[in-house]
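I have placed the structure first, in the form of structure tokens, so that the comments after it can refer back to it.
The values are calculated or read from the model by the stated rules, or taken from the named source; none is laboratory data. What you are looking at is a predicted structure, and each value in this text was computed from that prediction instead of being measured. Cβ atoms come from the backbone with ideal geometry, glycine included; neighbour counts cover every protein chain shown. Accessible surface areas use protein heavy atoms only, side chains included; no ligands, DNA or RNA. Shrake-Rupley method; radii C 1.70, N 1.55, O 1.52, S 1.80 Å.
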Protein chains: 2
Amino acid sequence: MNGAETLVKTLLASGVDVCFANPGTSEMHFVAALDTHPEMRCILCLFEGGATGAADGYFRMTGKVAATLLHLAPGFGNGFANLHNARKAQSGVLNIMGDHASYHLRHESPLKGDTSGISQAVSHWTRVSQDARSVAADGAAAVQAARARGGQIATLILPANTAWEAAVGREVSAAPPALLRPSDAEIDAAARALCQPGAALLVDGAALWGAAGQVAASIAAKTGCRLLAPCLPARIRRGEGAVRFERLAYVVEENVAALAGITHLVLCGTQRPTSFFAYPGKVSLPAPADACVLELCSSDMDYEATLDALAKVLGADPLPPDALQGIDLPNLPHGPMSLDGIGQALAALLPQDAIVVDEAITNSRFLAAPTVSARGHDWLAVTGGAIGFGQPAALGAAVACPDRKVVVLEGDGSGMYTLQALWTMAREGLDVTVVVFSNRGYQILRGELANVGVTEVGRNAVRMFDVVEPSLDWVALAKGHGVAGVRVTDLDQFSDAFAAAMAQKGPMLIEVIC
Amino acid sequence: MNGAETLVKTLLASGVDVCFANPGTSEMHFVAALDTHPEMRCILCLFEGGATGAADGYFRMTGKVAATLLHLAPGFGNGFANLHNARKAQSGVLNIMGDHASYHLRHESPLKGDTSGISQAVSHWTRVSQDARSVAADGAAAVQAARARGGQIATLILPANTAWEAAVGREVSAAPPALLRPSDAEIDAAARALCQPGAALLVDGAALWGAAGQVAASIAAKTGCRLLAPCLPARIRRGEGAVRFERLAYVVEENVAALAGITHLVLCGTQRPTSFFAYPGKVSLPAPADACVLELCSSDMDYEATLDALAKVLGADPLPPDALQGIDLPNLPHGPMSLDGIGQALAALLPQDAIVVDEAITNSRFLAAPTVSARGHDWLAVTGGAIGFGQPAALGAAVACPDRKVVVLEGDGSGMYTLQALWTMAREGLDVTVVVFSNRGYQILRGELANVGVTEVGRNAVRMFDVVEPSLDWVALAKGHGVAGVRVTDLDQFSDAFAAAMAQKGPMLIEVIC
């Protein structure tokens, strides 16, 4: 047995059985080891950003850590942006990064790079295996690290010789350390704060989609406080039967207005609201400067137990039925293309328990509003703001939940970053419908230029914002990756195409000209 | 005037007038400043790997530093792999990486990341501008750093407020420090070594394509030493009129055989030959262990002056005409598809002074051999071994040399990494012909698995190597990006398509089914 085999056995024994991979030479022994362990599901991605984004989407929907297989520092670089998103989503991801044999690293070979340096720029945990006999224990520690504090980025760097040299046995990952909890005094203080006029409770994580959300809602019902959710949640339950949250916005002024009047803000499983960007003359922190902010419980603490304790102290009753979202499915819209109309069609047609991955950027707000009235669904946002998240995360979510329909709402600018994920959807027969909003450019940047105070847009800027001359042809791009596509130019066409996509299994792309 | 404007003025005053860009919000003031400076040519790339690879190709063909515009740590991550290649090619690249306003960085906003950390993992020089009034001087220092030591990766991190706050003036980059040279004693020792039986001179950099190559060849002619070139040069002149070099190989055993018998190896502008990867039981350093290796002059020293000094000490005469490559253009091949045949067709049809970007991986060796008999051309290799280089580098080379035809030889696996560069070729009307070798997979990995001692390939491995089910359709992918494409399945079709591509201007893609 060699180091790579002990690692695969360790991963499997520790419950990691999916690997999103883009291997190279330094990972060949790991690949060979996978061959003798067919219970590890290997999914090839044609670009590492697809692998890391998939692992993020997979964790968001299962709470399970998937492995990625990345080739040296450049391969890790290709996966960096989606690891950034995963980090912000508090997704547990285990990266196996191959490196040169340790004795080869003293020579300046072409692919030698700073594997530790780039890993440490985004990973919570980085370790370089020192010899083959350490690999199993290192792998178990990496799994533990990926599971710790609610979910972390753990990167195990595997010099090629530690994979191919002899080793024995396997390890089983230990449970991560127990999550920290606030003290009783802090719980009591938060309970008192929430009973004040103008109080609000901001929650995140599983409280946005799991049972903890109903506890949070019961606290709001008991105290009369407002119940808030962040702008870009890793996952939030929406539509029929969902807890009602007031979700923060992207635009600074909207958040300032939404948070005005808050006197006490209790944070549970999250951090204080922060503007996405700073702009001249606008605030970084949109909550009122004189609000009392209680950082009760950060995202890496046990916020579910904290909510339970808070509900107990407050004597909050189980949630009244009217605290959950009721719906009235809209009719199908007709006529010329509009984003509101698309949102209405989505609300009418999204199947029960759909998973919606939202990277529609400037279009999102128009789509999010009507779909509150859809059947119950989960909504995954670009937590870290790094574009190129949508299609890979959908890939991972579809692997995680093969019986649920996955819908990606994708900007054309953002979609181009990691379009290679389409191929993996085709190969694996994943049940994903990709809706691309072809507004032919980075429309958000037009708004951002105005936000920073520039009102006149010249030729250089226009050519940086507009993706025209030529226009992208997303139907051809889909075909190139082996995915069927259709272009729609009015609402009737969209509804027909989307309904057909919902009625079939497997990948499909709809290009919306808007 | 604000910091961003002083930076644009500084770049222009310092001779940097091309910017490969993929901007975001934090770079909006820089974009606004570009609007008032149309003499800066801005080229939009739909993925940052396109921007960094283009800057590399541009430097290789002009020796001029281009700027890239990258959006925070994730954007830099997307450009990392091609910065790795540029670093190994000793290309000077100036990255402008936007960051959050410095006062915003103490808050945990979604896109906050370790901008310095990821930069330092690949850049030679990293600086964070501290205030708007420092930006011009920082920009000038960054240009100087990018030009120093023959070419470096320099990254200037620009917090958004340093771009928008008031500043005055501009700076002009100072010349970089003079390059180091070896001592006279070292030159004399190298000269003596080269006169020994079994001596060889290994050169790199401009010696492979410029006048210094003829000096190197004159030294070889005078001393009888062998004249060697690395396996993956940043740029090498080939075909008619080129200096004859023995180029090292990728395969360890071939290099061991090629270097056998060498007693004295003089390195000038390069480092000692190193195996691309380590493998069990194979050497990291393929030169004979008992060879005397003289590290006369590293790549960041003045190797051109060193070669001149060496020639003078040796009394080497100007190069005899027969030291340069003569050619006999082959006939066009006919019949079933073969890589040798494609190489023959390329040799027959490549126009004078074509620029060939080689990322054909397993196919390269078959294409390189016949094209020694082509018209004079430059050949650019993947110096750092990080795939996704070909199309972006071709884009940059075409911007650098608008009057020369650029041909990319691209693997289908590697081509998928940065296919978005096709769109920029279409938008800018760049004269690039992309030849994609559709062997439907990562064929190199099959060889690498055998190299590490695995002879049986199971299902998990096969599914990691083969890009089939579905097959990619490169003609559709090209169309999706606005580039015309054609698929060819025999040599006659290839010759017809390639001849047509050579006869026209603008981008074209040829998918070779092989």
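Of all the listed residues (B:Ala200, B:Ala217), the sole one being in a helix (DSSP H, G or I) and not assigned by TED's automatic domain parsing to the domain that holds B:Asp378 is B:Ala217. Tell me which residues, restricted to segment B:243-269, are modelled with pLDDT of 95 or more and under 26 Å from B:Ala55 (Cβ atoms). Listed by number, the residues that qualify are B:Arg247, B:Gly269.
Does A:Ala216 fit the bill of being in contact with a Cys (Cβ under 6 Å, 6 or more places away or on another chain) and open to solvent by less than 10 Å² (accessible area, probe 1.4 Å)? Judged against the criteria, A:Ala216 is not a match. Residues of segment B:67-81 that are of a type in the set (S, T, N, Q) and at the interface with chain A (Cβ under 8 Å from one of its Cβ atoms): B:Asn78 alone.
Residue-by-condition table, conditions (1) touching a Pro at 6+ places or on another chain (Cβ under 9 Å); (2) β-branched (Val, Ile, Thr); (3) within 30 Å of A:Ser298 (Cβ to Cβ); (4) at pLDDT 95 or above:
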{"site": "A:Gly15", "(1), (2), (3), (4)": "no, no, yes, yes"}
{"site": "A:Asp56", "(1), (2), (3), (4)": "yes, no, yes, yes"}
{"site": "A:Met61", "(1), (2), (3), (4)": "no, no, yes, yes"}
{"site": "A:Ala86", "(1), (2), (3), (4)": "no, no, yes, yes"}
{"site": "A:Asp99", "(1), (2), (3), (4)": "yes, no, no, yes"}
{"site": "A:Leu105", "(1), (2), (3), (4)": "yes, no, no, yes"}
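Would a scan of segment B:71-83 turn up a residue that is open to solvent by 10 Å² or more (accessible area, probe 1.4 Å) and farther than 16 Å from A:Ile387 by Cα? No, that holds for no residue. Out of A:Ile361, A:Ile387, one residue alone is of a type in the set (Val, Ile, Thr), at pLDDT below 95 and either under 22 Å from A:Leu445 (Cβ atoms) or not assigned by TED's automatic domain parsing to the domain that holds A:Lys64 (or both). It is A:Ile361.
Exactly one residue among A:Val454, A:Val468, A:Val436 is among the β-branched types (Val, Ile, Thr), within 12 Å of chain B (Cβ to nearest Cβ), surrounded by 21 or more Cβ atoms within 10 Å (Cβ to Cβ) and not in a helix (DSSP H, G or I), and that residue is A:Val436. Can you pull out the residues in segment B:476-496 that are under 21 Å from B:Ser338 (Cβ atoms) and not polar (S, T, N, Q)? B:Val486, B:Arg487, B:Val488, B:Asp490, B:Leu491, B:Asp492, B:Phe494, B:Asp496 - these are the residues of segment B:476-496 that are under 21 Å from B:Ser338 (Cβ atoms) and not polar (S, T, N, Q). Of everything in segment B:46-66 that is surrounded by fewer than 24 Cβ atoms within 10 Å (Cβ to Cβ) and part of a loop (DSSP other than H, G, I, E, B), the residue that is nearest to the other protein chains (Cβ to nearest Cβ) is B:Lys64.
For segment A:158-181, the count of residues that are at pLDDT 95 or above, away from chain B (no Cβ under 14 Å) and outside any loop (DSSP other than H, G, I, E, B) is zero.
Between A:Val266, A:Val243, A:Val293, the distinction of being of a type in the set (Val, Ile, Thr), away from every other protein chain (no Cβ under 14 Å) and farther than 28 Å from A:Pro330 by Cβ belongs to A:Val266 only. For segment B:369-377, the condition holds for at least one residue, the condition being that it is over 21 Å from B:Gln214 (Cα atoms) and loosely packed, with under 15 Cβ neighbours inside 10 Å.
If only residues of segment B:86-98 that are more than 8 Å from chain A (Cβ to nearest Cβ) and not in a strand (DSSP E or B) are counted, the one that is surrounded by the most Cβ atoms within 10 Å (Cβ to Cβ) is B:Ala86. Of all residue pairs spaced 6 or more apart or on separate chains, those with beta-carbon atoms under 8 Å, a first member in segment B:412-433 that is assigned by TED's automatic domain parsing to the domain that holds B:Leu445 and a second member that is open to solvent by 10 Å² or more (accessible area, probe 1.4 Å) and aromatic (Phe, Trp, Tyr) are B:Gly413/B:Tyr442.
Of the residues making up segment B:254-300, those that are touching a helix residue (DSSP H, G or I) at 6+ places or on another chain (Cβ under 7 Å) and free of Cβ contacts under 8 Å to residues at least 24 places away in the same chain are B:Ser275, B:Ala278, B:Ser284.
Scanning segment A:471-482 for residues that are touching a residue at least 12 places away in the same chain (Cβ under 8 Å) and either surrounded by 22 or more Cβ atoms within 10 Å (Cβ to Cβ) or on the phi > 0 side of the Ramachandran plot (or both) yields A:Leu472, A:Trp474, A:Leu477, A:Ala478, A:His481, A:Gly482.
The number of residues in segment B:15-33 that are within 12 Å of B:Ala66 (Cβ to Cβ) and either touching a His at 6+ places or on another chain (Cβ under 7 Å) or more than 8 Å from chain A (Cβ to nearest Cβ) (or both) comes to 6. Considering only residues in segment A:270-319 that are modelled with pLDDT under 95 and over 29 Å from the mean Cα position of the chain (by Cα), the one that is nearest to A:His124 (Cα to Cα) turns out to be A:Pro280. Within the bounds of segment A:405-412, is there any residue that is within 9 Å of chain B (Cβ to nearest Cβ) and open to solvent by 10 Å² or more (accessible area, probe 1.4 Å)? Checking segment A:405-412: not a single residue is within 9 Å of chain B (Cβ to nearest Cβ) and open to solvent by 10 Å² or more (accessible area, probe 1.4 Å). Using the structure shown, decide if A:Asp353 is assigned by TED's automatic domain parsing to the domain that holds A:Glu246 and open to solvent by 30 Å² or more (accessible area, probe 1.4 Å). For A:Asp353, the condition - assigned by TED's automatic domain parsing to the domain that holds A:Glu246 and open to solvent by 30 Å² or more (accessible area, probe 1.4 Å) - is not met. Criterion first (open to solvent by less than 10 Å² (accessible area, probe 1.4 Å), closer than 27 Å to B:Val432 by Cβ and within 10 Å of another protein chain (Cβ to nearest Cβ)) does B:Ile43 satisfy it? The answer is yes for B:Ile43. Within the set B:Gln144, B:Gln120, the sole residue that is open to solvent by 40 Å² or more (accessible area, probe 1.4 Å) and touching a Pro at 6+ places or on another chain (Cβ under 9 Å) turns out to be B:Gln144. When each of B:Ala400, B:Ala421, B:Ala381 is tested for being small (Gly, Ala, Ser) and surrounded by fewer than 23 Cβ atoms within 10 Å (Cβ to Cβ), the lone residue that passes is B:Ala400. Residues in segment A:99-127 that are more than 8 Å from chain B (Cβ to nearest Cβ) and over 21 Å from B:Ser275 (Cβ atoms): A:Ser116, A:Ser119, A:Ser123, A:His124, A:Trp125, A:Thr126, A:Arg127.
Only one entry of A:Glu240, A:Glu253, A:Glu295 meets the criterion of being surrounded by fewer than 20 Cβ atoms within 10 Å (Cβ to Cβ), in a loop (DSSP other than H, G, I, E, B) and either among the charged types (D, E, K, R) or assigned by TED's automatic domain parsing to the domain that holds A:Leu346 (or both), and that entry is A:Glu240.
Scanning segment B:100-117 for residues that are open to solvent by less than 10 Å² (accessible area, probe 1.4 Å), touching a Lys or Arg at 6+ places or on another chain (Cβ under 9 Å) and farther than 14 Å from A:Ala386 by Cβ yields one hit, B:His104. Here the condition is being under 22 Å from B:Ala51 (Cα atoms), more than 9 Å from every other protein chain (Cβ to nearest Cβ) and modelled with pLDDT of 85 or more; of A:Gly441, A:Gly429, A:Gly415, it holds for A:Gly415 alone.
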